[in-house]
Amino acid sequence: EIVLTQSPTTMAASPGEKVTITCRASSSVSYMHWYQQKPGASPKPWIYDTSKLASGVPNRFSGSGSGTSYSLTISSMETEDTATYYCQQWSSNSWTFGGGTKLELK
Amino acid sequence: QIQLVQSGPELKKPGESVKISCKASGYTFTDYAMHWVKQAPGKGLKWMGWINTYTGKPTYADDFKGRFVFSLEASASTANLQISNLKNEDTATYFCARDYGSFDYWGQGVMVTVSS
């Protein structure tokens, strides 16, 4: 089973700051999905197939990566981006989520 | 519009069983698999498994084999999750999610509390 390790676990960013969240896989994978979750709410699809933005996601978000290292980037942090972000992938007949990255406003 | 509407919160005692539902609308239910995801309080997301909504065949993640049962009421476009012999560690929010390659629609979640 592939393990997904997200870093950092928690971070704070100022408005306008660039933010990068990393997801490392224990073995090479061919794509990564990302979800955003706010307190008390269901996760929302955010980025799929490594770099495609889900419907309604602002274009300040981007995704990239290959092999064992993937990232979610926010070009300019906004207040509404405070949330927990999870990476996800499918391998060996199993879905795995990363542990999550809690993004707070500084 | 596509919606997954789950049943309401549950308070159960250890050893009891619970059945929660996920009613889909706005699309052909049998065209997309349904997944179940557990989120313990303050914790991350854990995939429990999925059910083929066309054949009814369930597949369980390793940690969810034995006490967990996925089922369908296909005529009602509903997927169900039953947990038997509840334990304190089953206290969590349980989400259903539609499979579209990634999980593109999620239910609102059902909070199950297990407490004596």
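The values are calculated or read from the model by the stated rules, or taken from the named source; none is laboratory data. Everything numeric in this text was worked out from a predicted model, so none of it was measured. Surface areas here come from the heavy atoms of the whole protein model, side chains and all, with no ligands, DNA or RNA. Shrake-Rupley method; radii C 1.70, N 1.55, O 1.52, S 1.80 Å.
Observations
- Rounded to two decimals, the Cα radius of gyration of the protein assembly as shown over 2.2 N^0.38 Å is 1.02.
- Solvent-accessible surface ranking, highest first, for A:Met77, A:Met11 at 1.4 angstrom: A:Met11, A:Met77
- Measuring nothing but alpha carbons in chain B and taking Rh as the Kirkwood radius, the Rg to Rh ratio lands at 0.95.
- Residue of B:Ser71, B:Ser102, B:Ser25 that the Gaussian network model of chain B assigns the largest fluctuation, springs spanning Cα pairs under 10 Å: B:Ser102
- Rounded Å value of the spacing that divides the Cα centres of region B:7-85 and region A:30-100: 23
- Heavy-atom accessible area ranking, 1.4 Å probe, most first, across B:Leu72, B:Leu86: B:Leu72, B:Leu86
- Solvent exposure of A:Lys44, expressed as accessible area, is near 110 Å², computed with a probe of 1.4 Å over the protein chains only.
- Interface burial in region B:67-116, defined as at least 40 Å² less accessible area with all protein chains than with the chain alone at a 1.4 Å probe, covers B:Ser102, B:Phe103, B:Trp106.
- Accessible area buried by the pairing of A and B, both sides summed with a 1.4 Å probe, works out to roughly 1300 Å².
- Burial of 10 Å² or greater, region A:24-38 residues [accessible area, probe 1.4 Å, versus chain by itself]: A:His33, A:Tyr35, A:Gln37
- Sorted largest first, extent of region B:72-116 alpha carbons per principal axis (Å): 38, 24, 15
- The residues of region A:1-100 expose on average 45 square angstrom of accessible surface per residue, using a 1.4 Å probe on protein heavy atoms.
- Carbon/sulfur fraction of accessible area - the protein assembly as shown, other protein chains in place, 1.4 Å, %: 47
- Computed over region A:39-106, the quotient of the alpha carbon radius of gyration and 2.2 N^0.38 Å is 1.15.
- Per residue solvent-accessible surface (Å²) - region B:1-89, probe of 1.4 Å: 52
- In percent, rounded to a whole number, the relative contact order of chain A is 38, using alpha-carbon pairs under 8 Å and six or more apart.
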